[in-house]
Amino acid sequence: MPQTPQSALPRPSSLIHTVYGEFVRRLGGWISIADLIALMAELDVDGPAVRSAISRLKKAGTLLQERRGATGYRLAPAVEPVFEEGDRRIFHSLEPADLADGWVVAVFSVPESARAHRHQLRSQLSRLGFGNAAPGVWLAPARLLPDARRLLERLDLSAYVHLFLSAEYAGFADLRTAVASWWDLPAIDAQYAAFSDAWRPVAQGPRTEGPAEAFRSYVPMLTRWRRLPYLDPGLPEPLLPDTWSAGAARAVFAELHGKLAEPSLRYVEKVTGLSHPQESP
């Protein structure tokens, strides 16, 4: 199999996030620091970098230290809904929505005394894939309403936001032109194209790799992919550029996920001695 592209190697904390989300959750939710360091060594991340990244994740409330014969870390219960949402977006990434399904519109007004929430709202709605139509007005395809409700409730931001469902656009500007101003479509398209360019050679490689080799490719690939379904809300096809790269990128991801996920899990089980019968997403 072709080597993992060097340009595709993410930060240690992002790689650890992926290892927990894709493997550790399915193997009981806890891993010893020694086993995590052994896994990360396969990704060319040394022990001090792992410990530094773990310290940051612990400080952020993502991981909790717990001793089970050996010192290790488990995911904090509060972040489980975030990973569950990630499963839906990452492994069932959105095909283009149907234009007839309409839109979810989020309108928020935050008093000056709580202005920190204003930035939080903007960043979190953007992270979900909402586009900014005007100050305090964000929108996305209607099927993102459940994700938006869960996010706002989880972050205690629902008091500042009104959510509406709109069946159709009844404005004056051409909708395709308006959408191009609400989302940075060229930037999203460029990231899809870069993903395909980096990982297509790996997808087209032979299927003879062992579990360790699969793990070395799969974790960086998944780490890079998992951002893209959030940047892209799955806009209706008539509103997308003619040369939209998402379909090709999804095909590369699906090929690699199908090829590498299971042997990667076997490798993690071998290193950690943990096992779980749950199937891969």
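Restricting Y218, Y230 to those that are modelled with pLDDT of 95 or more and outside any loop (DSSP other than H, G, I, E, B) reduces the list to Y218. The residues of segment 188-208 that are under 16 Å from L256 (Cβ atoms) and either in contact with a helix residue (DSSP H, G or I) (Cβ under 7 Å, 6 or more places away or on another chain) or assigned to a helix (DSSP H, G or I) (or both), listed by number, are Y192, A194, F195, S196, D197, A198, W199, R200, P201, V202, A203, R207.
Can you confirm whether A212 is in a helix (DSSP H, G or I), touching an Asp or Glu at 6+ places or on another chain (Cβ under 7 Å) and touching a residue at least 60 places away in the same chain (Cβ under 8 Å)? Criteria met by A212.
Applying the condition of being surrounded by fewer than 12 Cβ atoms within 10 Å (Cβ to Cβ) and part of a helix (DSSP H, G or I) to segment 171-187 and asking which residue is nearest to the chain's Cα centre (by Cα) yields A187.
The residues of segment 40-61 that are assigned to a loop (DSSP other than H, G, I, E, B) and open to solvent by 70 Å² or more (accessible area, probe 1.4 Å), listed by number, are D44, D46, A60. Scanning segment 17-39 for any residue that is of a type outside the set (G, A, S), under 17 Å from the mean Cα position of the chain (by Cα), closer than 20 Å to P146 by Cβ and open to solvent by 40 Å² or more (accessible area, probe 1.4 Å) turns up nothing.
When the residues of segment 155-187 are filtered to those that are more than 21 Å from R122 (Cβ to Cβ) and of a type in the set (G, A, S), the one that is modelled with the lowest pLDDT is A167.
Answer yes or no as to whether L152 is on the phi < 0 side of the Ramachandran plot, assigned to a helix (DSSP H, G or I) and buried (at least 16 other Cβ atoms within 10 Å of the Cβ). The answer is yes for L152.
The values are calculated or read from the model by the stated rules, or taken from the named source; none is laboratory data. Here the structure is a predicted model, which is why all the values come from computation and not from measurement. Note: ideal-geometry Cβ built from the backbone for every residue, glycine included; neighbour counts use all protein chains shown. Areas reflect the complete protein model, heavy atoms only, side chains present, ligands, DNA and RNA absent. Shrake-Rupley method; radii C 1.70, N 1.55, O 1.52, S 1.80 Å.
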